[in-house]
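We did not get these values from a lab; they are worked out from the coordinates using the rules stated. Note that the structure is a prediction, hence the values are computed from the model and not measured. Every residue, glycine as well, gets a Cβ built from its backbone with ideal geometry; the counts of neighbours run over all protein chains shown.
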Amino acid sequence: MSRHITDHARSASEGARLKRFLELQRKEGIHPAVQELSQRAHGNSGARVTQFVRIERHEET
């Protein structure tokens, strides 16, 4: 029975290709869509957490 495809060792060329790809991605910086999402307001998350904890504890208001 042959080995599964994921059981085979990677070739040395894949490591170099991955390293080069990551270098290029890091030089390009953060994608504009990611920047926009990270700058969005998160709202009143403290109040939401309090409500979720109250619900989890089965507390009445």
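So the values come out like this:
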{"item": "Given 14 as the ceiling on other Cβ atoms within 10 Å, longest exposed-site-free region of the chain for GluC sites (Glu not before Pro) in DSSP loops", "result": "1-58"}
{"item": "Candidates per trypsin sites (Lys or Arg not before Pro) in the chain, loop by DSSP, up to 15 other Cβ within 10 Å", "result": "Arg3, Arg10, Arg40, Arg57"}
{"item": "At R0 = 30 Å, FRET efficiency that the Cβ-Cβ distance of Gln39 and Ser2 yields, to 0.05", "result": "0.05"}
{"item": "Helix axis angle, 12-28 relative to the chain longest principal axis, alpha carbon, degrees", "result": "50 degrees"}
{"item": "For the chain, the spread of Cα positions along each principal axis, largest first, Å", "result": "61, 42, 12"}
